[in-house]
Amino acid sequence: MTRGSGGRGTAALAALMILVVFLTSCAQIPRSGPVGKSTDESAGNPNAPVFFPSAPRAGASPESVIEDFYSAGSGYEDDYAVARQYLTQSVSVSWKPDQRALVFRSARVVKTGVENVFNYELDLAYSVDADGVATQLPEGSKETIPATLTKVDGEWRISAIPDGTAIPEETFKVIYGAYPIYFYDPTFTYAVPDVRWFIKKKTVKAMTSALLGGPAPYLKGAVVSAFPSGIKLARESVPVVSGAAQVDLTAKELVEASSEDRLRMQTQLALTFRSQPDVINVELRANQDLVRVDDNGSVLPPVRDKNVPARQIAVNNNELVRYENNRISPLPDIQSVATLGPEAPAESPVSQSAAFLNGSRTTLYSIVPGQPARALTTRATLTHPSFSPQDWVWTAGPGANGATEVIAYHPTGVAQGAGIPTVTLTPPWLAGRNVKDFRISREGTRALVISEQDGKTRVQVTGVIRNADGTPKDLTTPTTLLTPRDPDQGVWVNDTTVAVMKASPSDNVAPDLLSLTASQPQQLAPWPGLTAISAGNGPEEIFGQSAQGIFQRLGNGWSPQLKGPLDPSFPG
């Protein structure tokens, strides 16, 4: 980290390293001062570390004041009381530190051509907004924060500074945590995680405010909330009393809600507070009066982290087969497809429909029990098909004019010879990009998209917007997951994690686990010649395919399975 005064920057980094080493023992950690534990049991994690930064030093230079101010921004206790001491009186009142957190890899103070105006230049790793929505940024991403200083009683103080804080990445990993808040799919069948980053000590209130504020941008339109628009917290706290989180909401919206909606609100909060050890149940209140929430059995609890069946579909001797418990068996009532040279098969998680590509991966076929396979589309290239729990099968490829298109088909329940419902989407953010893989999430509200343009790969998650009847309508502007490699295929591992890799029949291939709840990818053990990957329920159920057969992830390695079946894929 580069600082305006290099010695203190080195010392600060060294102190942070000490913090990481000793965090688990809760020892006192030197940084700018002593470190203790949170004692506010109602706010969040009571064991969260607390920084007590140094107050302004007499005679400090403008550069030092700026550095020390942002260093003090890690001390969030008492509404950033120490950091406010570096500001003039009027600015200390108006400054809003919780508007955003800029997380940097390195920083330095640079003079400008204007007297007493400086820039705090950051190599940015993350940007976290007021609702905890984090944006990951690649190395070399720059951000400049202007700061104006003036002298107050002979000491330099900051008289103009943007709202928000800026903290080193090492500090961010210690005092912030990733927490899923939960929304529903439009049918209220599934719980959909929306991962946010909050200060560990202040999670309960932050989670509640974020939930009431609605989903992150990439999920807007794809998920719904039980909380009506306009409902707010009636007081600026969410106390936890004897294990009960008391969520006090504006009375009008809460009282006018149906009993079913109130139960869904309570359930949504209970799911969101799952990560909070001191929260056992949730109480809804209107202006501090307890609101009764009845459960008459008409509202089913949503499915969280939906599991897929244990079986996989695969190709063996040019036929579609079932691969389960390291054995193969025929697919029930499915006619032969040997003449079509099937590859990359997919199976519906809710019906017996299947789909596959031909040998050149230019034609998508669907097949249902009792009917022959039907060609759905032929294009220059197509991605591995993927089924949603709504029984739509998805793929992507260039359209007639060469533009990238995402296509969905609904073959289930369609009589032989009848037209199959089809939707074609052309999201503007995919313009000019070549889609390498497109996989629908287990609950059907999101999709993993791996695309390439000019040799640069993006791994993204987009939301699936549907019409009232469930027909796909659009894809949201996605969120991007950073990866150290350029993968060309990926699969969902659970509701917050995907596995991606760059296939190669000749080189060692190391898949990466990318999680919405982790700041860094997790590299899996390399294995020679991996050409395909599949995943069941969790990181232990990851399978790889090579010319030597199928391999299952086992600890920090791979365990040989059956040889013969090709392109195994779990339902979905």
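Computed from the coordinates by the stated procedures, all read-outs in this text should not be read as laboratory data. Please read these numbers as outputs of a predicted model, since none were measured by experiment. All Cβ positions, even for glycine, are placed from backbone atoms using ideal geometry, and neighbour counts span all protein chains on display.
The figures follow:
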read-out: Neighbour cut-off at most 12 other Cβ (10 Å), DSSP loop, trypsin sites (Lys or Arg not before Pro), segment 257-344; value: Arg292
read-out: Selection from Val128, Leu212, Val114 lying farthest towards where the dipole of the chain points positive, charges on Cβ; value: Val114
read-out: Label-to-label distance, nm, for residues given as Asp278 and Asn325 (7 Å Cα→Cβ offset); value: 4.8 nm
read-out: Hydrodynamic radius of segment 159-315 per Kirkwood, over alpha carbon pairs, in Å; value: 17.2 Å
read-out: Förster radius 30 Å - calculated FRET efficiency between Ala81 and Ala270 (Cβ-Cβ, nearest 0.05); value: 0.35
read-out: Volume per residue that the Cα convex hull of the chain spans, once the total is divided by residue count, Å³; value: 180 Å³
read-out: Dipole magnitude (debye, nearest 20) for segment 492-572, charges at Cβ of Lys, Arg, Asp, Glu; value: 160 debye
read-out: Segment 440-572, relative contact order in percent, only Cα pairs under 8 angstrom and at least six apart counted; value: 15 percent
read-out: Normalised contact order of segment 70-128, rounded percent, pairs of Cα under 8 Å and 6 or more residues apart; value: 27 percent
read-out: Gap separating the Cα centres of segment 47-115 and segment 175-222, nearest whole Å; value: 28 Å
read-out: Percent RCO, i.e. relative contact order, over segment 177-304, from Cα pairs under 8 Å lying at least 6 residues apart; value: 27 percent
read-out: Principal axis dimensions, largest first and in whole angstrom, of segment 89-159 by Cα; value: 41, 27, 15
read-out: Proxy reagent accessibility, fewest Cβ within 10 Å first, across Lys201, Lys502; value: Lys502, Lys201
read-out: Local electrostatic count at Ser127 - Lys and Arg +1, Asp and Glu -1, tallied over other residues with Cβ under 10 Å; value: -1
read-out: Net charge of Cβ neighbours under 15 Å - reference Met501; Lys, Arg +1; Asp, Glu -1; value: -2
read-out: Cubic angstrom per residue, convex hull over Cα atoms of segment 312-569; value: 125 Å³
read-out: Helix-only CD estimate at 222 nm, as mean residue ellipticity for the chain, using -39500 (n - 2.57) per DSSP H run (n ≥ 4); value: -4000 deg cm²/dmol
read-out: Segments 333-346, 169-182, 150-163 sorted - mean Cβ within 10 Å per residue, highest first; value: 169-182, 333-346, 150-163
read-out: Net lengthening on full extension, Thr189/Gln136 (0.36 nm per residue, minus Cα-Cα); value: 16.1 nm
